[in-house]
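Everything on this sheet refers to the single structure shown next.
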Amino acid sequence: MLKNILSAIYFLLFIAFISNFVFCEHLGLNNTSIFASSQNESDAIQIFEKLTRNIIADDLTTSISRGWWTLSKKLIIKTHEQGIDLSPVVRSAELSIRRELNELTRLLNKKHSEVATLSPAFQWAQSSDLVYLNIKFTYRWNAPGALKIDNEIVSIHDNVFFFSAMGSHSHEKKKYVLNLELFDEVDSDLSECSFGSVGKLSCTLFKKKSNAIWPRLLKDQKLKIPNMHIWWEMREKHENLKANSSIPDGNPPSSVSNETKGLKYNSNSTINEEL
């Protein structure tokens, strides 16, 4: 009895497998492109005109990869008639072609192998005990920049803050370097930095002389950095938290701690973390 039941189950599974295979075959899911052996687009179009099965992804991929645009248009129109969505194939091909064209455009520049060095845009704010830096991996604050960086170096020593990293934007490699001689010394052991959001580095620097408002960020009064900005949001946040709480000025508010918690730097420390 058990043997008969098992035989019946195996038979049903076999029938289901064959039915599914035939169904997939009808849809073209088990076929490679019928145009793969075509020598040119004209031959491929002749095959297309006689094609009775559904269009499959390999058909469109083969046509696009060979630059057979007339055939590609015919295939896409046919998929509409067949109720098939092959838009991912076109989107993928578009990204691939665009990437290659961007690389060709980059190579047109005779200095394409050189890496441009630029000073990243940044914002700053302060309290009587802390200095906040918000660095964005781009030259202009409102412009898009690198989302991923590597070879990061952060050094905090006496009154010098140094940051450098390699990044890529618009298919061009760039080196970001920020070297600040601060108005006064900061404590490298207490100071912290972290990647708070994509494309940015946030730092909280502890002033060695507490309860002191700096007249400016930089030691050199005449030095003007065009892409240095006041971090108004942090400034207002700190002032509001301080006004509405009893948090000592020497301890950053909890919201600030959460943004910068996790990476603490000693003098000349280095971080290596990909965004």
Given (1) charged (D, E, K, R); (2) within 24 Å of the chain's Cα centre (by Cα); (3) over 30 Å from GLN39 (Cα atoms), ARG98 misses just (3)
Would you confirm whether or not segment 212-232 contains a residue that is farther than 18 Å from TRP141 by Cβ and under 24 Å from the mean Cα position of the chain (by Cα)? no
Of the candidates ASN227, ASN179, ASN240, ASN159, the one satisfying the condition of being surrounded by fewer than 13 Cβ atoms within 10 Å (Cβ to Cβ) and touching a Phe, Trp or Tyr at 6+ places or on another chain (Cβ under 9 Å) is ASN179
Checked segment 113-150 for anything part of a loop (DSSP other than H, G, I, E, B), among the hydrophobic types (A, V, I, L, M, F, W, C) and in contact with an Asp or Glu (Cβ under 9 Å, 6 or more places away or on another chain); matches are VAL115
Problem - Meets criteria (of a type in the set (Lys, Arg), within 25 Å of the chain's Cα centre (by Cα) and farther than 19 Å from ILE230 by Cα) for LYS136 - result: no
Would you call VAL177 at pLDDT 90 or above, under 30 Å from ASN109 (Cα atoms), part of a strand (DSSP E or B) and of a type outside the set (Ser, Thr, Tyr)? yes
Only unsatisfied item for LYS50, checking (1) more than 27 Å from the chain's Cα centre (by Cα); (2) buried (at least 16 other Cβ atoms within 10 Å of the Cβ), is (2)
Within segment 182-224, of all residues that are under 27 Å from GLY145 (Cα atoms), touching a residue at least 12 places away in the same chain (Cβ under 8 Å) and hydroxyl-bearing (Ser, Thr, Tyr), the one surrounded by the fewest Cβ atoms within 10 Å (Cβ to Cβ) is SER194
When (1) crowded, with 21+ Cβ neighbours inside 10 Å; (2) not assigned by TED's automatic domain parsing to the domain that holds LEU241 are applied to GLY167, the one that fails is (2)
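What about LEU147, is it more than 30 Å from TRP68 (Cα to Cα) and modelled with pLDDT of 90 or more?
Criteria not met by LEU147.
The values are calculated or read from the model by the stated rules, or taken from the named source; none is laboratory data. Remember, it's a predicted structure, so these values are computed and weren't measured experimentally. Here Cβ is always computed from backbone atoms with ideal geometry, including for glycine, and neighbour counts include all displayed protein chains.
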